[in-house]
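The structure appears below as structure tokens.
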Amino acid sequence: MILVTGATGTVGREVVRRLPADRAVRIMARDPSRISTAPPTAEVVRGDFTDPTSLTGALRAVSTVFLVTNQLGDDDARFLHAARTAGVRHVVKLSAAAVTDSGAQDLITRWQRRNEELLRGSAMQWTLLRPRSFMSNALSWAASIRSDGVVRALGASSPNACVDPRDIADVAVRALTEEGHAGRVHTLTGPQAITAVQQTAVLAELLGRPLRCEEWDPQQARTALHERYPPPVAQALLDSAHRQRQGAKAQVEAGVPALLGRPAGSFCTWARDHLGAFTGA
């Protein structure tokens, strides 16, 4: 039995879509009614990282897990304890490429490093997926593109080897269903580093309308992020943007083509497939 967590998220829902129909799959969600992509054969159960009883039920008879956590805190520790107790053999963990960057000392990256250490020390088999930023982060521009044809970004001219979440999901499914991934780390990027200015140009061409990219100054970015996130998280995101401006996120890795036997998906392809979000269709 494969257990998928994070199935309402960007990568998790793509994993659910891609798992083979002949595999026994269970999907854990805080609110099962939000699961809209589950195949008819999948079992959907309520589970909460903060509720040990629900974890015990979700993990019953499970051998392999796709683990996604996004709340700073101890969710990984609680889940890994429950998984080890339930006899889970293999955990495929969604982490982040920044964990290998010695210059990344922000709160979020330190949390991810600690979670990786917990998994490595859990006595279960493990696989770590370390993607660069998701191409789907561009969806945060959709409203301003629709309303006034503007992309507003911090570090608009700094490159990021962002990756299509569907590629991450394809790699995750390989790791969940094939032998040979235990004890391995897969760093996943797109085929090229691309800036927000270049992404804006791609979207303008696909939409057939002029768009402009406006650079946020640090104070504008700080104000906008503090309106959306708690101060420590906002600061972590500002620190991450600073590292990107220094070129820390421009390295292209061979993980996706090596694992999938095809080129990594481009931003142009991702944008074309999600163009409706930018038109309101």
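Between ALA182, ALA143, ALA104, the Gaussian network model of the chain with springs among Cα atoms under 10 angstrom shows the greatest mean-square fluctuation at ALA143. Structure remark: mean-square fluctuation, Gaussian network model of the chain, C-alpha springs under 10 Å; the largest value among GLY180, GLY255, GLY190 belongs to GLY180.
How large is the charge dipole for the chain, taken about the Cα centre, if only the Cβ atoms of Lys, Arg (+1) and Asp, Glu (-1) carry charge, to the nearest 20 debye? It would help to have the intermediate numbers written out before the result.
Values: 33 positive and 27 negative charges, 61 e Å.
That gives the chain a dipole magnitude of about 300 debye.
Under the convention that each Lys and Arg Cβ holds +1 and each Asp and Glu Cβ holds -1, the size of the dipole of region 1-86 around its Cα centre is about 220 debye. A Stokes-Einstein calculation at 4 °C with viscosity 1.567 mPa s, built on the Kirkwood radius of region 156-216 over Cα pairs, returns a diffusion coefficient of 93 µm²/s. In the chain, the DSSP beta bridges split such that about 5 percent are antiparallel, to the nearest 5.
Taking every DSSP beta bridge that has both residues in region 81-196, what percent is antiparallel when rounded to the nearest 5? Intermediate values should be presented prior to the final figure.
Working: 1 of 12 bridges.
Expressed as a percentage, antiparallel bridges in region 81-196 total about 10.
Under the rule of -39500 (n - 2.57) per DSSP H run of 4 or more residues, summed and divided by the residues of the chain, what mean residue ellipticity at 222 nm is obtained, to the nearest 500 deg cm²/dmol?
Working: 12 runs with 115 residues, N = 281.
Using -39500 (n - 2.57) per qualifying helix, the result is -12000 deg cm²/dmol.
Simple rule: put +1 on each Lys or Arg Cβ and -1 on each Asp or Glu Cβ in region 66-111, find the dipole, and look at ILE108, ALA83, VAL68; the Cα lying farthest toward the positive end is ALA83. Report the Cα centroid-to-centroid distance between region 216-281 and region 73-138 in angstrom, as an integer. Result: 19 Å between the Cα centres.
The convex hull drawn around the Cα atoms of the chain, when projected onto a plane and averaged over every direction, covers 14.7 nm².
The simple spin-label model puts a point 7 Å past each Cα toward its Cβ; for GLN105 and ALA224 those points are separated by 2.8 nm.
Residues considered: ASP22, ASP51, ASP75. Largest GNM mean-square fluctuation over the chain, using C-alpha springs under 10 Å, is found at ASP22.
A simple charge model with +1 on the Cβ of Lys and Arg, -1 on the Cβ of Asp and Glu and nothing else charged puts the dipole of region 1-156 at about 260 debye relative to its Cα centre. What does the charge add up to near GLN251, with Lys and Arg as +1, Asp and Glu as -1, over the other residues with Cβ less than 13 Å from its Cβ? After counting each charged neighbour, the total is +2. Taking region 125-165 and a reference point 7 angstrom along Cα→Cβ of GLU214, the backbone N atoms nearer than 17 Å belong to 140-157.
Read-outs: derived from the displayed coordinates by stated rules, not from any lab. A quick note: this is a predicted structure, and the numbers were derived from the prediction, not measured. Cβ sites come from the backbone with ideal geometry, for glycine too, and all protein chains shown count toward neighbours.
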